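Structure first, then comments.
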């Protein structure tokens, strides 16, 4: 499969071969959904917590006698029915991450790339480099390419000027090839890969 290579002026400057094993895999919603859930679960901090009766500071004295007061029996002022008491079955600090086989993760990434190719929302750039870090300059180039919501993936080393210029443009993300992931690919409308990124992704996923 071949794809046209464009420059930032939206002009064709060549072609590149896309491997069918990476960009022509039939996408499956269930595999992609498993990967997205795995990513979102892994990034959760899990530091929410409440104090149980044993963790609440306070007296250990019995509030009143067991019998003879006419009131319900009580054993502690730190019980949940009292103000400033403990919480029953509250959230505890924990890790929300779960296991997902490496083969499934790689397959999901190939499917995410293939889904953009299938929808016609994949653009291959010759390079993502600018002489200036001005956001206005890059915004005009994005208008020529018709980019409103896009994820741009470059090679291992990002161009500092391009990264700074794209930082202030809403709905645009820039990542190195090693940071390519299913969630970011799916949440943006258009996927933009540089020639270097295509070569490195194909070498990594073939």
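The values are calculated or read from the model by the stated rules, or taken from the named source; none is laboratory data. Everything numeric here is computed off the predicted structure, so don't read it as measured data. With ideal geometry, Cβ positions are generated from the backbone for all residues, glycine too; neighbour counts draw on all protein chains shown.
For residue 90, work out the one condition from (1) part of a loop (DSSP other than H, G, I, E, B); (2) over 30 Å from residue 53 (Cβ atoms) it doesn't fulfil.
Going through (1) part of a loop (DSSP other than H, G, I, E, B); (2) over 30 Å from residue 53 (Cβ atoms) one by one, residue 90 breaks only (2).
I'm trying to understand the selection: among the residues of region 81-104, which are surrounded by 14 or more Cβ atoms within 10 Å (Cβ to Cβ) and free of Cβ contacts under 8 Å to residues at least 40 places away in the same chain?
The answer is 82, 85, 86, 87.
Do we have any residue at all in region 124-137 that's assigned by TED's automatic domain parsing to the domain that holds residue 182, surrounded by 19 or more Cβ atoms within 10 Å (Cβ to Cβ), in a loop (DSSP other than H, G, I, E, B) and touching a helix residue (DSSP H, G or I) at 6+ places or on another chain (Cβ under 6 Å)?
Checking region 124-137: at least one residue is assigned by TED's automatic domain parsing to the domain that holds residue 182, surrounded by 19 or more Cβ atoms within 10 Å (Cβ to Cβ), in a loop (DSSP other than H, G, I, E, B) and touching a helix residue (DSSP H, G or I) at 6+ places or on another chain (Cβ under 6 Å).
Quick test for you: out of 55, 66, pick the one residue that is assigned by TED's automatic domain parsing to the domain that holds residue 80, part of a loop (DSSP other than H, G, I, E, B) and modelled with pLDDT of 95 or more.
Of 55, 66, the one residue that is assigned by TED's automatic domain parsing to the domain that holds residue 80, part of a loop (DSSP other than H, G, I, E, B) and modelled with pLDDT of 95 or more is 66.
Of all residues in region 159-175, which are in contact with a strand residue (DSSP E or B) (Cβ under 6 Å, 6 or more places away or on another chain) and closer than 29 Å to residue 31 by Cβ?
Within region 159-175, 172, 173, 174, 175 qualify.
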